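The values are calculated or read from the model by the stated rules, or taken from the named source; none is laboratory data. What you see is a predicted model; the values in this text were computed from it and never measured. Quick reminder, even Gly has a Cβ in these numbers, built from the backbone with ideal geometry, and neighbours come from all protein chains shown. Calculation scope for accessible area: heavy atoms of the full protein, side chains included, ligands and nucleic acids excluded. Shrake-Rupley method; radii C 1.70, N 1.55, O 1.52, S 1.80 Å.
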Amino acid sequence: MADPRFFSSSGSFTLGELAEITGSDPSGGVDPGHHYTDVAALDRAGPDEVSFLDNKLYFDAFRESRAGLCLVRPEHADQAPSSMALLLSDDPYRAYAKVARAFYPLPRPTPGIHPSAFVDDSASLGQGCQIEPGAVIGAKAELGNNCVIGSNAVIGPGVVLGDETRLGPGASISCALVGAHTIIHDGARVGQDGFGFAMGSEGHLKVPQLGRVIIGDDVEIGSNTTIDRGAGPDTVIGDGCRIDNLVQIAHNVQMGRGCVIVAQVGISGSTRLDDFVIIGGQAGLTGHLHLGAGAKVAANSGVMRDIGPGEAVGGSPALPVREWHRQTIAISRLAKGKVKKSD
């Protein structure tokens, strides 16, 4: 059970309601009117709680679980305890996400402006916005309806936030246009200068960064991530992207829809990611690259060339993933003295 000091449950749901929420099929003989009060892990759930199985590593926990209801793939249903009701789904983890969101939706804003916040007279706030202590909203900024601005967050002049966008405590955003239903977590920095200067023996001359950051709808940006504004063209983050904590996105980077960027990734300037690119943690990309739709980059990789649509790469410098694995195996064998010397 989630700690009620931090998380507020929206109440119980019947099995029938949960089946409708998830689009899952109840197993035979279950009571659609039975109420469930919370979600929990397999090894902690009780008879009135909901859990899920989506990984074969947890079969033992599944067989021994006391959960009253479990989301599971149809082919694994025969391994459930006899006391457990089931909702059958081809994607139990996604179905569980829908259940957990039903029990624990994002809290609605508490409309109002805290007395210690500063909102410029020329700024425009939509209905139902929550402005927390110490927040600053600059001149001619525009906030949509039901936005939440965390304590000590700073919104620069002219920034636009769409409806129901949330800016976490201590975050700052400037020179940016942000869509609706976007979450920017604590301490993130969006819209600061890009790393642009003309090098020379007489000194490095700063180049004005005159672009913006354009962020789409339903984007999530992790804590302490930094996204530089463009140098002239804009930096663009497409709809539905998920960006983890401690990521650096440089000026002029363009990301398509649904990209997933894991923690500590660095993307150099003017690199373009098409839709649904996935980049593993601590990978680094040099500038002016193009990653095709659905490309995948393994963690800790160093990418120095374009990657085609659907291509998976790994290593440093990054290679097609199968070639990378072959090289890793060969090096391991060489280190163990198992490689035969050629004649």
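Please give the FRET efficiency for D120 paired with S9, using the beta carbon to beta carbon distance and R0 = 41 Å, rounded to the nearest 0.05.
Working from the Cβ atoms, E equals 0.60.
Give me a comma-separated list of calculated 3J(HN,Hα) values for segment 234-248, in order, Karplus coefficients 6.51, -1.76, 1.60 applied at θ = phi - 60°, integers in Hz, x for any Gly or Pro.
Once θ is set to phi - 60°, the couplings for segment 234-248 become 8, 7, 10, 10, x, 3, x, 6, 10, 10, 6, 5, 6, 9, 10 Hz.
Taking a ≥ b ≥ c as the square roots of the eigenvalues of the Cα gyration tensor of segment 165-314, is the shape rounded (a/c under 1.5), prolate (a/b larger than b/c) or oblate?
Since a/c reaches 1.5 but b/c is at least a/b, the shape of segment 165-314 is classed as oblate.
Can you put F52, F118 in order of accessible area, largest first, using a 1.4 Å probe?
Values: F52 55, F118 110 Å².
Highest to lowest solvent-accessible surface, that is F118, F52.
Assuming a ≥ b ≥ c are the square roots of the Cα gyration tensor eigenvalues, decide whether segment 140-183 counts as rounded (a/c under 1.5), prolate (otherwise, with a/b larger than b/c) or oblate.
It is oblate, given that a/c is not under 1.5 and a/b is not larger than b/c.
Working with all protein chains in place, sort Y104, Y58 by solvent-accessible area computed with a 1.4 Å probe, largest first.
In descending accessible area the options line up as Y58, Y104.
If one computes the Cα centroid of segment 219-286 and of segment 291-319, what distance in Å separates the two points?
Each part's Cα centre sits 15 Å from the other's.
Using a 1.4 Å probe on the protein heavy atoms only, what accessible surface does E64 show? Give it in Å² to the nearest 10.
Per-residue accessible area (E64): approximately 150 Å².
Of I279, P26, G191, which is farthest along the charge dipole of the chain in the positive direction, counting Lys and Arg as +1 and Asp and Glu as -1 at C-beta?
Value computed over the given set: I279.
What share of the DSSP beta bridges in segment 1-151 is antiparallel, in percent to the nearest 5? Display every interim value, and only then the final one.
Details: 4 of 21 bridges.
Counting only bridges with both partners in segment 1-151, antiparallel ones make up about 20 percent.
Of I307, G68, I137, which is farthest along the charge dipole of the chain in the positive direction, counting Lys and Arg as +1 and Asp and Glu as -1 at C-beta?
Positive-most Cα among the choices belongs to I307.
What's the Kirkwood radius of the chain in Å, using all Cα pairs?
23.0 Å
Given the rule -39500 (n - 2.57) for each run of at least 4 DSSP H residues, summed and divided by the residues of the chain, what is its mean residue ellipticity at 222 nm, to the nearest 500 deg cm²/dmol?
Per the formula, -3500 deg cm²/dmol.
Counting pairs of alpha carbon atoms under 8 Å apart in space and at least six apart in sequence, what relative contact order in percent does the chain give?
For the chain, the relative contact order is 6 percent.
With +1 on each Lys and Arg Cβ and -1 on each Asp and Glu Cβ, and nothing else charged, work out how big the dipole of segment 227-300 is about its Cα centre, in Debye to the nearest 20.
Details: 5 positive and 6 negative charges, 19 e Å.
I would put it at about 80 debye.
Going by average Cβ neighbours within 10 Å, how do the peptides 315-322, 110-117, 211-218 rank, with the highest at the top? Mind dumping the intermediate values first?
Details: 315-322: 15.6, 110-117: 12.5, 211-218: 21.0.
Put in order of decreasing packing, that is 211-218, 315-322, 110-117.
Go through segment 281-294 residue by residue and turn each phi into a ³J(HN,Hα) via Karplus (6.51, -1.76, 1.60, θ = phi - 60°); whole Hz please, and just put x for glycine and proline.
So the Karplus estimates, Gly and Pro as x, are x, 6, 6, x, 10, 6, x, 6, 8, 10, 10, x, 4, x Hz.
Quote the charge dipole size of the chain about the Cα centre in Debye, to the nearest 20; the model charges only the Cβ of Lys and Arg (+1) and of Asp and Glu (-1).
In total the dipole reaches around 1480 debye.
Report the relative contact order of segment 182-243, percent, no decimals, based on alpha-carbon pairs under 8 angstrom and at least 6 residues apart.
41 percent
Tally Lys/Arg at +1 and Asp/Glu at -1 over every other residue whose Cβ is under 12 Å from the Cβ of N245; what's the total?
-2
Order 275-287, 119-131, 20-32 from most to least packed using the mean count of other Cβ atoms within 10 Å. Let's see the in-between values first.
Working: 275-287: 19.2, 119-131: 16.4, 20-32: 14.3.
Ranking the peptides 275-287, 119-131, 20-32 by packing returns 275-287, 119-131, 20-32.
Before anything else, pin down the relative contact order of segment 90-177: Cα pairs under 8 Å, at least 6 apart, normalised by residue count, whole percent. Provide the component values of the computation, followed by the final result.
On the way: 210 pairs, mean separation 18.1, N = 88.
After rounding, I find 21 percent.
Nearest 5 is fine: what % of DSSP beta bridges in the chain come out antiparallel, could you say?
About 10 percent, rounded to the nearest 5.
Would you please put 33-41, 245-253 in order of how densely packed they are, using the mean number of other Cβ atoms within 10 angstrom per residue and starting with the highest?
Result, highest mean first: 245-253, 33-41.
To the nearest 20 Debye, how big is the dipole of segment 180-288 about its Cα centre, given +1 on the beta carbon of each Lys and Arg and -1 on that of each Asp and Glu?
Details: 7 positive and 12 negative charges, 45 e Å.
Rounded to the nearest 20 debye, it is 220 debye.
Bin all alpha-carbon pair distances of segment 1-40 at 10 Å intervals from 0 and give each bin's fraction as a whole percent.
Result, from short to long distances: 27, 46, 22, 4 percent.
Is segment 90-208 best put as rounded, prolate or oblate by its Cα gyration tensor, with a ≥ b ≥ c the root eigenvalues, rounded for a/c under 1.5, and otherwise prolate when a/b is larger than b/c, oblate when not?
It is oblate, given that a/c is not under 1.5 and a/b is not larger than b/c.
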